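Each value in this text was obtained by applying a stated rule to the coordinates, not by laboratory testing. Quick caveat, the model's predicted, so the values are computed rather than measured. Methodologically, a virtual Cβ is constructed for each residue, glycine included, from the backbone with ideal geometry; neighbour enumeration extends over all protein chains shown.
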């Protein structure tokens, strides 16, 4: 079973390589050779294709950013709110129970670095 699949894959690769070499091979006698210099129309077509490709890629990137930006802003607001509540609760605890805050600062070396 594997040998047949491997043979099929090898045959397909061989045919693709043969097709590529046929395309790249020099032209036969009597056939018109490829133009050696680039014409203005060819250059314009190449630049037009490149600009269209860049516009499409830029449009896709813009749309992704446009759709994801509300999620990014919402997540930033959630983190801001959580940070605000955490600081507010720490300040409230220090105001309501100053003895507990001073005791926590003196008992824990980790907390002592944040106490003033």
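A few notes on this one:
- Spacing of the two label points (7 Å from each Cα toward its C-beta) at residue 14 and residue 80, in nm: 6.7
- One decimal place: the segment residue 93-residue 44 gains 10.5 nm when fully extended, by the rule 0.36 nm per residue minus the C-alpha distance.
- Pairwise label distance in nanometres, residue 25 with residue 54, each label 7 Å out on the Cα-Cβ vector: 3.9
- Estimated distance in nm for a label pair at residue 4 and residue 64, the labels positioned 7 Å out from Cα along Cα-to-Cβ: 4.2
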